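Take a look at the structure below.
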Amino acid sequence: MPETVFMFSGQGSQYFHMGRSLYDGNPAFRSWMLRLDEMARAAGAPVLDTLYADSNTKGQPFDRTLFTHPAIFMVEYSLAQALMESGVRPDLVLGVSVGSFAAAAVAGFVDVEDALKAVIRQAMAVEEASEPGGMIAILADPVLFAEEFLRGHSELAGVNFSTHFVVSAKRSELAPIESTLKQRNVTHQRLPVVVPFHSKWIDDARVPFETYMRSVSYKPARLPMACSDRTEVMSELSTGYFWDVVRNPIRFRETAARLEEQASRRWVDVGPGGTLATFLKYGLPPGPKSTVHSILTPFGTDQKNFAALTAAGH
């Protein structure tokens, strides 16, 4: 069987009630979510009360960083643990942006409680010190970024496949950029974030976050981890790793392509919305050996998708 890769997505993939059907119907997922919520509460971010509140619907923007950062971590880590308890185990993990925290915890580079606390401290740092702003996903050739209305007013946050890229910008620049894209009939979507990750506008948060990270101990990993910042497989974490993954441009396309060149894979997206699975379906060259799987979606098929993957074997 091809090697299994668990993929952990970052900011922009979250929504209220993500993972709710598994929370209600999968004991392992629920157990981990409850355990992690206790840790998050102790660190100052009670997540479940907000994530699964009846007053919050899937259509509302879930964008408060103090809650979205740990919520993404909790859902991804809990799903990974539930899959492993059901016999689906990764040979490699791949973290993208803030998803790298959960990937590192699953791989064993850092204790899960330390990783969750670090996620929350990073959220606090960027909320307090960063320039308010956001991110826009654009369905077009990335060469469009060379034009002044983008290059002069935003930064390239990442290229996901040949016709999909993301920019980050200050709050005052978002509406003018969207207006120009609309005038040109370019499909685009503002992501549910209020922080311009992967740009210079978060740089003031670096010192307080990295000061906190000096208290976190790293460990020998159980699994290798691919880094979408450096496009390479890592066996140990470098100083500043957890800052670099949210500051530097995302290079998911290059990272996945490099892994695919080495061997066929079973790609499993453990993120909230199947975002990375979608990117792979558009970005990977056609071939019969590798497969791509997503589990969590906003459309109520989480348990069905989970059962299909676990029934397919180890």
*Quick one: with all protein chains in place, what share of the accessible area of the chain is carbon or sulfur, to the nearest percent (1.4 Å probe)?*
49 percent
*Enter the Cα centre distance for the pair region 93-123 and region 211-287, rounded to the nearest angstrom.*
12 Å
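Where the only charges are on Cβ atoms (+1 Lys, Arg; -1 Asp, Glu), what is the dipole of region 195-281 about its Cα centre, to the nearest 20 debye?
Values: 13 positive and 11 negative charges, 39 e Å.
Once rounded to the nearest 20, the dipole reads 180 debye.
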*What is the gain in length, in nm to one decimal, between Asp204 and Glu113 on full extension, counting 0.36 nm per residue of separation less the C-alpha to C-alpha distance?*
30.2 nm
*asked:* Multiplying the sequence separation of Glu38 and Arg151 by 0.36 nm and subtracting their Cα-Cα distance, what value in nm do you get?
replied: 36.4 nm
*For Gly133, list long-range residues whose amide hydrogen, built 1.01 Å from N in the peptide plane, is under 5 Å from its own amide hydrogen.*
Arg171, Val195
_Integer Hz, Karplus 6.51/-1.76/1.60 couplings in order for region 216-221, x for Gly and Pro_ = 9, 9, 9, 10, x, 7
*So for the pair Ser179, Asp24, with labels modelled 7 Å out along Cα→Cβ, what separation do we get in nm?*
4.4 nm
*For the charge dipole of the chain, defined by +1 on Lys and Arg C-beta atoms and -1 on Asp and Glu C-beta atoms about the Cα centroid, which residue among Ala105, Asn26, Ala115 has the Cα displaced farthest towards the positive pole?*
Asn26
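Would you work out the charge dipole size for the chain about its Cα centre, treating the Cβ of every Lys and Arg as +1 and the Cβ of every Asp and Glu as -1, and quote it to the nearest 20 debye?
420 debye
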*Using 0.36 nm per residue, how much length does the chain from Gln189 to Asp141 gain when fully extended, once their Cα-Cα distance is taken away?*
15.8 nm
*What are the chymotrypsin sites (Phe, Trp or Tyr not before Pro) within region 222-303 that DSSP puts in a loop, where the Cβ has at most 16 other Cβ atoms within 10 Å?*
Phe299
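With a cut-off of at most 14 other beta carbons within 10 Å, and DSSP calling the residue loop, which trypsin sites (Lys or Arg not before Pro) in region 251-314 qualify? Please list them.
Here the trypsin sites (Lys or Arg not before Pro) that fit, given the DSSP loop and packing criteria, are Lys289.
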*What number, rounded to the nearest 500 deg cm²/dmol, is the helix-based mean residue ellipticity at 222 nm of the chain, given -39500 (n - 2.57) per DSSP H run of at least four residues and division by all its residues?*
-13000 deg cm²/dmol
_Nothing charged except the Cβ atoms of Lys and Arg (+1) and of Asp and Glu (-1): what's the magnitude of the dipole of region 156-314 about its Cα centre? Round to the nearest 20 debye._
200 debye
_Relative contact order (percent, whole number), region 190-314, Cα cutoff 8 Å, 6+ residue spacing_ = 18 percent
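The values are calculated or read from the model by the stated rules, or taken from the named source; none is laboratory data. Computed from a predicted structure; not experimentally measured. Note that we place each Cβ from the backbone using ideal geometry, even for glycine, and neighbour counts take in every protein chain shown. These accessible areas exclude ligands, DNA and RNA; they are computed on the full protein's heavy atoms, side chains included. Shrake-Rupley method; radii C 1.70, N 1.55, O 1.52, S 1.80 Å.
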